[in-house]
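Trainee: Got a structure here, written out as structure tokens. Questions coming.
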Amino acid sequence: MRTHYCGDINETLIDQTVTFCGWVHRRRDHGGVIFLDVRDREGLVQVVFDPDTVDAFNTADSVRSEFVVQITGRVRGRPEGTTNDNMKTGKIEVLGKEINVVNKAATPPFPLDGYTDVGEDIRLKYRYMDMRRPEMQEKLRFRSKVTSHVRRYLEDNGFLDIETPILTRATPEGARDYLVPSRTHEGSFFALPQSPQLFKQLLMVSGFDRYYQIAKCFRDEDLRADRQPEFTQIDIEASFIDEEQIMALTQGMISEIFEKELNVQLGEFPRMPYSEAMQKYGSDKPDLRIPLQLVDVAEFLQDIEFKVFAGPAKDPKGRVAALRVPGGAEISRKQIDDYTKFVGIYGAKGLAWIKVNEIEKGVEGLQSPIIKFIGDDNTMSIMNKLGAENGDIIFFGADKEVIVNEALGALRCKLGEDLNLYTCDWAPLWVVDFPMFEETKDGGITAIHHPFTAPSCSPEELKAEPTTALSRAYDMVLNGCELGGGSIRIHEQSMQETVFDVLGISEEEQQEKFGFLLDALKYGAPVHGGLAFGLDRLVMLLTGANSIREVIAFPKTQSAACVMTEAPGQVGNAQLRELHIKLREKPKAES
């Protein structure tokens with residue numbers, strides 16, 4: 001039906017006849033001459049219809065936005081003064097000779113010929129229309145280029161593309177599974193994979209040595225801007241490899257994508273222990289573009305009567321930290337109130353502050369309602385430790401350590417954005433030396449990454465001091481976003497059983513859920529490790545999108561629903577009976 005894509009028609013084709021297909025992007029009538037801008041996935045071309053070609057002119061006069069057309073015409077240069085250097089086809093136009101309306105179109109639910117501030121719910125309901133917009137087309141084309149880069153890079157480094165099952169069994173990966181009832185095994189369920197973790201480890205036991213997959217994964221968890229119930233990850237695993245090798249290999253892959261697609265040199269990735277990241281930035285994925293750091297000040301506040309500070313300062317699980325913001329004294333009281341509400345989202349009960357007007361005058365040069373509770377000497381000691389200067393504002397967090405880290409860590413990033421404190425465009429790093437475990441709210445412990453991560457100690461040391469043990473895990477972070485995480489895996493059965501024991505998983509449960517893995521580790525499992533990147537998140541960063549929903553063709557909403565297909569939906573009783581499922585009746589409302 002066509003000889004060329006719209007966006008590929010250029011000055012090399014002048015005086016040639018071309019045929020192309022696409023959607024009418026815009027129609028203009030200029031003094032008896034019809035102009036059509038016709039669009040396909042490669043771009044847009046301008047077509048001119050003169051009244052001389054009567055049939056074609058009349059047809060062109062009748063078309064409207066989003067009609068699907070086939071056009072044949074002669075390529076010619078645009079008249080002087082009408083070229084458009086911002087378009088690939090901006091130096092030519094096509095003199096239309098024939099036009100065939102392939103399909104008419106109803107009026108679109110929102111304009112597609114320019115930026116339109118339409119709600120996301122409408123865009124997702126008519127996603128097939130939304131994706132016609134050049135902006136969306138470019139993002140999804142870019143995503144395809146990224147996956148092509150990934151495949152070439154990994155295959156050039158000896159990795160094999162191997163698929164793993166989608167229907168598997170539930171495993172403890174840190175989020176809820178999506179369950180699939182089995183028709184043929186009454187009362188039993190498959191689970192959709194949260195990751196291909198165990199299967200890729202089994203591939204290493206099988207001797208495939210280097211595996212990768214662009215894998216669909218599923219997690220039934222609360223959503224945020226960078227989360228979806230189904231997402232895509234670049235899954236990588238290799239045998240006979242250590243942390244240094246897998247980090248160097250994957251860093252090279254990401255650096256190459258940035259260099260080839262954005263012409264950006266990321267340079268060397270610094271490394272930061274998890275403990276340092278939490279102490280200085282309150283986050284295990286710090287945004288190093290922002291120069292602000294958290295500083296502990298509990299030493300000055302343990303003996304004061306003000307329990308808001310003294311309590312956390314004396315509590316082994318508490319923290320009192322300060323965040324100095326250079327030039328922040330210009331922040332208004334209303335903005336401080338807004339920031340107080342913001343940290344409240346993370347559990348903080350308030351946000352104390354001190355403005356530094358004239359540090360040389362001591363406490364007389366400071367402005368704050370909390371100085372009288374802290375005391376003059378303690379206040380000045382804190383100012384000295386922070387290196388406070390005129391024009392600064394100091395924010396304080398005092399609570400359980402986890403609350404202070406989350407609240408001040410988030411405030412640090414918000415201040416960086418609001419005050420434009422960024423010192424560079426891109427700031428990559430590796431976060432390493434993660435703890436193996438963390439405490440749960442009920443006093444137990446859980447694996448920070450997953451229970452198949454190798455510890456940096458022996459089984460005996462792990463069992464004796466599980467809460468202080470470090471793991472052989474590593475996360476790649478970019479601009480405050482975790483691009484990917486991985487680890488060296490456990491390859492010995494005794495160590496895997498020890499980790500299960502520490503987590504309180506009984507021998508019976510170990511055999512029931514992981515017997516196949518424990519058996520496999522008995523038969524000569526190699527040292528192996530890997531890493532998984534969030535493809536959606538990576539493309540979001542590369543394109544500057546605000547959400548991963550902008551770089552997924554058919555995403556779900558914040559409530560994990562598809563407004564276009566109205567999924568999830570109800571199913572009939574006959575289908576439920578086949579699956580051996582009976583729905584519980586909702587209790588009747590009390591009168």
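Please treat every number below as a calculation from the coordinates, not as lab data. What you see is a predicted model, and the numbers here were worked out from it, not measured in a lab. Backbone-built Cβ (ideal geometry, glycine too); neighbour counts: all protein chains shown.
Trainee: With +1 on the Cβ of every Lys and Arg and -1 on the Cβ of every Asp and Glu, and nothing else charged, how large is the dipole of segment 58-115 about its Cα centre, in debye rounded to the nearest 20? Could you put the intermediate results ahead of the total?
Mentor: On the way: 8 positive and 7 negative charges, 38 e Å.
Dipole size: approximately 180 debye.
Trainee: Putting +1 on Lys and Arg Cβ atoms and -1 on Asp and Glu Cβ atoms, find which of THR379, ILE394, GLY409 reaches farthest to the positive end of the dipole of segment 290-423.
Mentor: GLY409
Trainee: Give a quick list of chymotrypsin sites (Phe, Trp or Tyr not before Pro) in segment 484-532 that DSSP marks as loop, anything other than H, G, I, E or B, with at most 16 other Cβ atoms within 10 Å.
Mentor: Sites meeting the loop and neighbour criteria: TYR523.
Trainee: Place a point 7 Å from Cα of SER62 in the direction of its Cβ. Which residues in segment 30-51 have their backbone N less than 18 Å from it?
Mentor: 34-36, 49-51
Trainee: Could I ask something else about it? Test of understanding: what is the full-extension gain from TYR422 to ILE370, defined as 0.36 nm times their sequence separation minus their Cα-Cα distance? List each step's numbers first, then the result.
Mentor: Numbers: separation 52, 0.36 × 52 = 18.72 nm, distance 2.98 nm.
Gain in length upon complete extension: 15.7 nm.
Trainee: Using the Kirkwood radius over C-alpha pairs as Rh, can you work out the diffusion coefficient of the chain via Stokes-Einstein at 10 °C, viscosity 1.306 mPa s, in µm² per second?
Mentor: On the way: Rh = 28.6 Å.
My calculation gives 56 µm²/s for D.
Trainee: Rank LEU542, LEU462, GLY252 by how far each Cα sits towards the positive end of the charge dipole of the chain (+1 on Lys, Arg Cβ; -1 on Asp, Glu Cβ) and give me just the farthest.
Mentor: The residue sitting farthest along the positive end of the dipole is LEU542.
Trainee: Restricting to the chain, what percent of DSSP beta bridges are antiparallel, rounded to 5? Let's see the in-between values first.
Mentor: On the way: 92 of 99 bridges.
For the chain, the DSSP antiparallel bridge percentage is about 95.
Trainee: What full-extension length gain, to one decimal in nm, is calculated for ASP222 and VAL180 as 0.36 nm per residue of separation minus the Cα-Cα distance? Mind dumping the intermediate values first?
Mentor: Values: separation 42, 0.36 × 42 = 15.12 nm, distance 1.96 nm.
Answer, rounded to one decimal: 13.2 nm.
Trainee: Just grab the label-to-label distance for ASN100 and PHE142, each label 7 Å out from Cα along the Cβ direction, in nm (one decimal).
Mentor: 3.6
Trainee: Another one. Binning every alpha carbon pair distance of segment 290-423 at 10 Å from zero, what are the percents per bin?
Mentor: Once binned at 10 Å, the Cα pair distances of segment 290-423 give 13, 47, 36, 5.
Trainee: Oh, and also: Would you mind checking the tilt of helix 376-386 against the longest principal axis of the Cα atoms of the chain, expressed as 0 to 90 degrees and rounded to 10?
Mentor: Taking the Cα atoms of the chain, the angle to 376-386 is about 50 degrees.
Trainee: Any idea what the dipole of segment 290-423 comes to, in debye rounded to 20, about its Cα centre with Lys/Arg Cβ at +1 and Asp/Glu Cβ at -1?
Mentor: Numbers: 16 positive and 20 negative charges, 86 e Å.
Taking the Cα centre of segment 290-423 as origin, the dipole is about 420 debye.
Trainee: Moving on to the next point. Picking from VAL499, ILE581, HIS528, whose Cα lies most toward the positive end of the charge dipole for segment 491-583 (charges on Cβ: Lys, Arg +1; Asp, Glu -1)?
Mentor: Final value for the positive-end residue is ILE581.
Trainee: For the residues ASP475, ASP315, what sequence is obtained by ranking on other C-beta atoms within 10 Å, fewest first? Before the final figure, lay out the partial values.
Mentor: Numbers: ASP475 21, ASP315 16.
With the fewest neighbours first, ASP475, ASP315 line up as ASP315, ASP475.
Trainee: For the chain, what does the helix formula give at 222 nm: sum of -39500 (n - 2.57) over DSSP H segments with n ≥ 4, over the residue count, nearest 500 deg cm²/dmol?
Mentor: Numbers: 17 runs with 178 residues, N = 591.
So the calculated ellipticity at 222 nm is -9000 deg cm²/dmol.
Trainee: Oh, and also: What FRET efficiency, computed as 1/(1 + (r/R0)^6) with R0 = 35 Å and r the Cβ-Cβ distance, is obtained for ASN546 and ARG28, rounded to the nearest 0.05?
Mentor: Working: r = 33 Å, r/R0 = 0.93.
Rounded to the nearest 0.05, the efficiency is 0.60.
Trainee: Here's another thing I want to ask about it. Test of understanding: extend the Cα→C-beta vector of ASP303 to 7 Å, then name every residue of segment 378-402 with backbone N under 12 Å from that spot.
Mentor: Those under the cut-off are 378.
Trainee: Quick one: MET253, MET87, fewest Cβ neighbours within 10 Å first, how do they rank? Before the final figure, lay out each step's value.
Mentor: Values: MET253 19, MET87 15.
With the fewest neighbours first, MET253, MET87 line up as MET87, MET253.
Trainee: Angle between the Cα long axis of helix 134-156 and the longest principal axis of the chain, 0 to 90 degrees, nearest 10?
Mentor: The angle comes out at about 60 degrees.
Trainee: Evaluate E = 1/(1 + (r/R0)^6) for GLU276 and THR565, where r is the Cβ-Cβ distance and R0 equals 51 Å; express this FRET efficiency to the nearest 0.05.
Mentor: It comes out at approximately 0.65.
Trainee: I'd like the FRET efficiency for GLN493 and ASN86, computed as 1/(1 + (r/R0)^6) with the beta carbon distance as r and R0 of 51 Å, rounded to 0.05. Mind showing how you got there, number by number?
Mentor: Details: r = 62 Å, r/R0 = 1.23.
Step by step, r from the Cβ atoms, then E = 0.25.
Trainee: Beyond a 26 Å Cα-Cα separation, which of these cross-linked pairs lie in this structure: LYS317/LYS463; LYS285/LYS307; LYS334/LYS372; LYS125/LYS260; LYS88/LYS139; LYS314/LYS385? Walk me through the numbers on the way to the answer.
Mentor: Details: LYS317/LYS463 23 Å; LYS285/LYS307 31 Å; LYS334/LYS372 22 Å; LYS125/LYS260 35 Å; LYS88/LYS139 17 Å; LYS314/LYS385 19 Å.
Over 26 Å apart, Cα to Cα: LYS285/LYS307; LYS125/LYS260.
Trainee: Round to the nearest 10 and give me the degree value, 0 to 90, for the angle of helix 507-521's Cα axis relative to the longest principal axis of the chain.
Mentor: Result, in degrees: 60.
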